[in-house]
1. Please give the number of the condition Ile75 fails out of (1) closer than 29 Å to Phe193 by Cα; (2) surrounded by fewer than 19 Cβ atoms within 10 Å (Cβ to Cβ).
2. Scan segment 24-38 for residues that are closer than 14 Å to Leu226 by Cα and more than 14 Å from the chain's Cα centre (by Cα) and jot them down.
3. Can you name every residue in segment 222-256 that is crowded, with 19+ Cβ neighbours inside 10 Å and among the acidic types (Asp, Glu)?
4. Which count do you get for residues in segment 5-51 that are closer than 20 Å to Leu252 by Cα and without any contact (Cβ under 8 Å) to a residue 12 or more places away in the chain?
5. Looking only at segment 6-33, which residues are among the small types (Gly, Ala, Ser) and either modelled with pLDDT of 85 or more or not in a helix (DSSP H, G or I) (or both)?
6. Suppose we filter segment 176-208 for residues that are more than 26 Å from Gly82 (Cα to Cα) and in a loop (DSSP other than H, G, I, E, B); how many remain?
7. Can we say Ser153 is modelled with pLDDT under 85, buried (at least 20 other Cβ atoms within 10 Å of the Cβ) and either more than 14 Å from the chain's Cα centre (by Cα) or among the aromatic types (Phe, Trp, Tyr) (or both)?
8. For segment 188-218: of the residues being surrounded by 17 or more Cβ atoms within 10 Å (Cβ to Cβ), among the hydroxyl-bearing types (Ser, Thr, Tyr) and over 13 Å from Gly14 (Cα atoms), which is modelled with the lowest pLDDT?
Amino acid sequence: MANINGLFLTLLVGFFFLSGILITKRINKKQQLTLFAIGMAFIVIMGMIFFDIIPEIKENVTFYSRFKNFIYIFILPLCGMGLLKLFDHFIPHHHHEHKENEKNNVEHNEHLFHIGFITSLSLILHNIIEGMSIYVTSLTDYKTGLMMSLAVSIHNIPLGIEIAMGMGYSKTKKKTKFLTMFFLTISSFLGAFILFLLNKEISKNVLSFLLCVTFGMLLYIAIFELLKEIWMNRKEKFIYYGMGFGVILTLLMVIM
């Protein structure tokens, strides 16, 4: 029964992500929501890095030597960044100059789609690891697992909004959008289900490896993609509204 309850919690996390996607369908002011979502997602991802992933890395990595420290602290995060950079060669990506009338610009729309897609790739990996953590925690203490799943759910809503807005600007690639949203929604459950099938915990070395790679991927998105968008739209007030709301969500996530 404890196994089923743990799986249910990870499904709950996915539904919260899905709710963020559905919110975008109910709001007409797409341009303002996009700016709001970019600012919010930047803060939430940075919050995930500093208050979620880095503490997890510290907890799971056992430092035996300077060489191993160097690999985990520098090499693996750089591999995560390099992996996303490699995706740039296979995913449509358009560098462009920002213009006042750019909201109807096809090149800009493809750029937003690109950000949404590569963010999704790193979050799917992150959510699989997170789903494993929720599942294992719930087997030990269901109440703690429930609180952990609620904290994760809080930051899944704005991320769902940001990704749905970015990828929604592309009028094509419907199959890609559907599959991306589907795997994002079930990724936490997928992580838990893997452990359920294996009937054992993932080793600390494997978990540390995945966390360090994910750390690099999310850092790449925050600095080289989202921060760039924030700078280009620095005169837009909705960017700052989103960042302010992101701070509130991050604080709630830390408190819980």
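The values are calculated or read from the model by the stated rules, or taken from the named source; none is laboratory data. Because the structure is predicted, anything quoted here is derived from the model rather than measured. Don't worry about glycine lacking a Cβ; one is built from the backbone with ideal geometry, like all the others, and counts go over all protein chains shown.
1. (1)
2. Filtering segment 24-38 down to residues closer than 14 Å to Leu226 by Cα leaves 34-38.
Scanning segment 24-38 gives Thr34, Leu35, Phe36.
3. Glu225, Glu229
4. Matching residues across segment 5-51 total 1.
5. Let us first name the residues in segment 6-33 that are among the small types (Gly, Ala, Ser), namely 6, 14, 19-20.
Scanning segment 6-33 gives Gly14, Ser19.
6. Number of matching residues: 3.
7. Numbers: modelled with pLDDT under 85: yes; buried (at least 20 other Cβ atoms within 10 Å of the Cβ): yes; either more than 14 Å from the chain's Cα centre (by Cα) or among the aromatic types (Phe, Trp, Tyr) (or both): no.
No; evaluated as a whole, the condition is false for this residue.
8. Ser208
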